[in-house]
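All remarks here apply to the structure that follows.
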Amino acid sequence: MKLGVYTAILHDKPLREALEVIASLGLTGAEINAGGFLPTPHLPVAALLSGEVSPQQYLSTFDGTGVAIAGLNCNGNPLHPDPEVGPEDADDLRNAIRVAGLLGVDRVVTMSGLPQAHPGGRWPAWHVNTWDSGYLDSLEYQWDEVAVPFWTEIDALAREHGVKVAIEMHPQNLVFNPPTLRRLIERTGATNVGAEMDPSHLFWQGIDPVAAIEWLGPLVFHAAAKDTRINDNCAIYGVLDERFTRIPLSENPTGLGGRHVVNRWPEDSAWNFVAVGRGHDVDFWARFLAALSRVDPGMWVNIEYEDVAFGPLEGLQVAAQTLKMADAALV
């Protein structure tokens, strides 16, 4: 498999230095942020679109590093009803697709987004376990009136630019598991929209990522290597642990667009994101890579790192070692 790193964890470094870090780990790909929740210090989106920076100028940064672009990432909520969030995230996704086309990059990672519950609503509403018919009424609105028209447009734009859009199946989105991913494809008739197989959010939902890959088959376009550890506290709090608390603005919490910011994770959480190998062993990751290889042996699998137990470089080393051992087991 082709192994790389999503460079958000290296945003404190210039792009060239980040590429050198990736190469030192024995990896060959860099997935670059192109908008959405996070800034774009490694990609001059506006300058590329305006022609101020040519694709050749930008791509020359990669020369001699042994590292290639392994996709663009634009995770956000393009369906958010807040006018300071949704329209900007949607435009970021459109621009990411256009920039990918200019650079010859054929994968853009994003999320499906989540609309309001009903026309005029002001906050995204995530409906699961829809035992009340009212929730199904709301879901019909979210899909029929908001998501399907938007994603039909995005599929056409991606097709125009020779790009495939890979959706991370992420809770608090309409597409959060394999059935909802397939539903979006079927409802839109999409040819250039599929899945980014990030196992981390599947783990805590009780979904087997290997079984999910086999079920989705060729709808899997791209992959992330991100691990989750289920903690003993899950026996009490369950996977839908909602004990998040506000981070004071004086501590500069990560912004999510408009006035929205990330909350503080529970200290005794039911589950945590951890470095690859700290939640699931090499045997799992070998089976994960093998399943992806059966879909596409040339697929990029990029480390996404969010383990607070390590510093960024130390954690990336742990993740890269596990992933390379798993890849070697495929030979």
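Taken together, the values in this text are just the output of simple stated rules run on the coordinates, not laboratory data. In this text the structure is predicted, and so the values were computed from the model without any measurement. Because the Cβ atoms are built from the backbone with ideal geometry, glycine has one as well, and the counts that use them run over all protein chains shown.
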Rounded to the nearest 500, the 222 nm mean residue ellipticity computed for the chain from DSSP H runs (n ≥ 4, each -39500 (n - 2.57)) alone is -11000 deg cm²/dmol
For the stretch 232-282 the chymotrypsin sites (Phe, Trp or Tyr not before Pro) that pass both the DSSP coil test and the at-most-16 other-Cβ-within-10 Å test are PHE244
Note, VAL45: beta-carbon cut-off 13 Å, +1 each Lys/Arg, -1 each Asp/Glu, net -2
Amide H neighbours of ILE303 at under 5 Å, excluding residues fewer than 5 places away on the same chain, with H built from the backbone geometry, are GLY4, VAL5, TYR6, ALA225
Surrounding charge for SER200, neighbours by C-beta under 12 angstrom, Lys/Arg +1, Asp/Glu -1, total -4
Given trypsin sites (Lys or Arg not before Pro), DSSP loops and at most 16 other Cβ atoms within 10 Å, the longest exposed-site-free stretch of the chain is 1-121
Taking N as the number of residues in the stretch 234-331, the ratio of its alpha carbon radius of gyration to 2.2 N^0.38 Å works out to 1.35
Low-density loop GluC sites (Glu not before Pro), the stretch 146-255, at most 13 other Cβ within 10 Å, DSSP non-H/G/I/E/B, are GLU242
Scattering profile of the stretch 92-173 from the Debye formula, Cα beads only, expressed as log10 I(q)/I(0) at q = 0.16, 0.20 Å⁻¹, is -0.67, -0.90
Relative contact order as a percentage, the chain, C-alpha pairs under 8 Å and 6+ apart, gives 17 percent
Rounded to whole angstrom, the alpha-carbon centroid of the stretch 60-98 lies from that of the stretch 99-158 at a distance of 17 Å
Of PRO55, PRO178, PRO266, the most mobile residue in a GNM of the chain (C-alpha springs, cutoff 10 Å) is PRO266
Expected sort for ILE69, ILE97 with the fewest Cβ neighbours (10 Å cutoff) up front is ILE69, ILE97
As straight-line cross-link partners of LYS226, the qualifying aspartates and glutamates (C-alpha separation under 18 Å, not fewer than 8 residues apart within one chain) are GLU31, GLU168, GLU196, ASP198, ASP208, ASP281, ASP283, GLU304, GLU306, ASP307, GLU314, ASP327
Residues SER200, SER250, SER24 in order from fewest to most other beta-carbon atoms within 10 Å are SER250, SER24, SER200
The orientation-averaged projected area of the Cα convex hull of the chain, in nm², is 16.8 nm²
Any GluC sites (Glu not before Pro) in the stretch 1-103 that lie in a DSSP loop and have at most 16 other Cβ atoms within 10 Å would be GLU52, GLU84
Projected onto the charge dipole of the chain (unit charges on the beta-carbon of Lys, Arg, Asp and Glu, signs +1, +1, -1, -1), the Cα from THR322, ALA147, ASN73 with the largest positive-side position is that of THR322
Any lysines whose Cα falls less than 17 Å from that of LYS13, other than same-chain ones fewer than 8 residues away, would be none
